[in-house]
Every structure is written in structure tokens, then in C-alpha cells.
1. Given the conditions (1) among the aliphatic types (A, V, I, L, M); (2) part of a helix (DSSP H, G or I); (3) at pLDDT 90 or above, and given that Val33 satisfies all but one, which numbered condition is not satisfied?
2. Does Val117 satisfy the criteria of being open to solvent by 30 Å² or more (accessible area, probe 1.4 Å) and not aromatic (Phe, Trp, Tyr)?
3. Suppose we filter Lys67, Lys74 for residues that are assigned to a helix (DSSP H, G or I) and among the basic types (Lys, Arg); which single one remains?
4. What do you reckon, is Ala70 open to solvent by 50 Å² or more (accessible area, probe 1.4 Å), modelled with pLDDT of 90 or more, over 18 Å from Leu4 (Cα atoms) and not polar (S, T, N, Q)?
5. For the range 94-162, list the helices (runs of 4 or more DSSP H) that sit wholly inside it and hold at least 1 residues that are touching a residue at least 40 places away in the same chain (Cβ under 8 Å), more than 20 Å from Ala70 (Cβ to Cβ) and aromatic (Phe, Trp, Tyr); which are they?
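The values are calculated or read from the model by the stated rules, or taken from the named source; none is laboratory data. These numbers come from a predicted model, not from an experiment. Heads up, the Cβs are rebuilt from the backbone with ideal geometry, glycines too, and the neighbour counts pull from every protein chain shown. The accessibility values were calculated without ligands, DNA or RNA, using every heavy atom of the protein model including side chains. Shrake-Rupley method; radii C 1.70, N 1.55, O 1.52, S 1.80 Å.
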Amino acid sequence: MFALIILSPVFLLIWIIDLCSTSNRGPLLYKQVRVGYHGKKFKIYKFRSMVINADQKLRANKELYAKYVANNYKLKPDDDPRITKIGYFLRKASIDEIPQFINILKGDMSIVGPRPVVEEELVQYDQQKLLSIKPGAMGLWQASGRSMVGYPQRADIEMKYIDHASLKFDFKILLKNIANIFSRKGAY
């Protein structure tokens, strides 16, 4: 709750920018179904950085979707026609992730833990182990390089977190994530 109050000016600023933008018309927040604790599905919140119906457009373009899957369920910004001009900045600065504090407040996520994944990505993990703890807004994968680290290494990193989870480890991950946010390392 404290983070949402402190960051409320960011919500206001992004809303104003969104209103004034001609290329970014649509809802302020993007909601995507992710798989969480004990397999419970929930909608993760982010500031929308893509065009409306981006997921449907991705799946409709078979060549682009194949590239997306082959590239660890990510597309580099230069290859992704769905990202808006404002969205590029939001992602690079990791501002798009701020609304996940709503998920934390709702109890869907914790501050630190493995990143929640879309259902298709579950095949990359030991599913029982991954779903045995709450996913987090910040995790060891992000602290280890974010989008620069793909599968299967990403899954190994997340499993390492589960095996070594502790308050001390969480603080270390939190500090590394904050450093990566300011350095923009692996953000796209």
C-alpha cells in the first residue's frame, strides 16, 4: 500500500501522457493471465506498453509468434511491432512493472519470488516446484540479467531461488533488482 501511495504520481503522469498520445490510445493498464501459487491463475497488471490486442496480433502472425517462442517468449523491441513509442520508454525504465504492487496488495504476488509465467512457459520448469511458492515482482532471474537470460537457464535460476529462499537472500535480490532497474540492464 505504501509503494502505491508513494508511486501514485507516476500513475498520474503515465495517465496524462497516455491521454495526450495519439499513438498509444487505449487503457492505461495491461492485464495478462499468469499462473501463480498452487497453479491459481491471476491477471498481472502492468502499464500498457503495446498496442491494443497485442497478444491476439502476436498469435495471428505465425512467423512472429514462432520467433517469439524461439526467443524465450520475448521479442527484442526492434523486432516487435506491437510496442508503442511510449511503451519502449516504459519498458526500458522498468516503469511498466509498477502496477504489480496492486498484485502484491491483492495477495497474488510477493515482492520477491520467481516471476509469474504465462501458461505456455510452464513446460520450461519443474512445475510442482515453481508453483509451490508465490511468484514475485522481483526475482533472482531479473537480478541475474532479466531478458538477457533465456530458457533453460532462466528456469534453473528460478529453481535456485526456491531452493535457497531466505530473508537475507530476498534482500540481496531486492538490491540487485533496484541496481538493474537504474542501470537498465536487460530491460526490454
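1. Against the list (1) among the aliphatic types (A, V, I, L, M); (2) part of a helix (DSSP H, G or I); (3) at pLDDT 90 or above, Val33 comes up short only on (2).
2. Values: open to solvent by 30 Å² or more (accessible area, probe 1.4 Å): no; not aromatic (Phe, Trp, Tyr): yes.
So Val117 does not fit the description; no.
3. Details: Lys74 fails: assigned to a helix (DSSP H, G or I).
Testing whether each residue is assigned to a helix (DSSP H, G or I) and among the basic types (Lys, Arg) leaves just Lys67.
4. Working: open to solvent by 50 Å² or more (accessible area, probe 1.4 Å): yes; modelled with pLDDT of 90 or more: no; over 18 Å from Leu4 (Cα atoms): yes; not polar (S, T, N, Q): yes.
So Ala70 fails the test.
5. Working: elements: 100-106, 127-130, 140-143.
Here the list reads 100-106.
Results for (1) touching a Lys or Arg at 6+ places or on another chain (Cβ under 9 Å); (2) surrounded by fewer than 14 Cβ atoms within 10 Å (Cβ to Cβ), shown as yes or no for each residue.
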site: Leu13; (1), (2): no, yes
site: Leu28; (1), (2): yes, no
site: Lys43; (1), (2): yes, no
site: Ala60; (1), (2): no, yes
site: Ala66; (1), (2): no, yes
site: Asp78; (1), (2): no, yes
site: Arg82; (1), (2): yes, no
site: Tyr88; (1), (2): no, no
site: Glu97; (1), (2): yes, no
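A quick yes/no check of all residues on (1) within 18 Å of the chain's Cα centre (by Cα); (2) among the small types (Gly, Ala, Ser):
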| site | (1), (2) |
| --- | --- |
| Ser8 | no, yes |
| Ile17 | no, no |
| Val35 | yes, no |
| Lys40 | yes, no |
| Lys46 | yes, no |
| Ile52 | yes, no |
| Ala70 | no, yes |
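For (1) farther than 24 Å from Val118 by Cα; (2) open to solvent by less than 60 Å² (accessible area, probe 1.4 Å); (3) touching a Leu at 6+ places or on another chain (Cβ under 6 Å); (4) not hydroxyl-bearing (Ser, Thr, Tyr), each residue gets a yes or a no:
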{"residue": "Met148", "(1), (2), (3), (4)": "no, no, no, yes"}
{"residue": "Gln153", "(1), (2), (3), (4)": "no, no, no, yes"}
{"residue": "Ile157", "(1), (2), (3), (4)": "no, yes, yes, yes"}
{"residue": "Tyr161", "(1), (2), (3), (4)": "no, yes, yes, no"}
{"residue": "Asp170", "(1), (2), (3), (4)": "no, yes, no, yes"}
{"residue": "Leu174", "(1), (2), (3), (4)": "no, yes, no, yes"}
{"residue": "Ile181", "(1), (2), (3), (4)": "no, yes, no, yes"}
{"residue": "Arg184", "(1), (2), (3), (4)": "no, no, no, yes"}
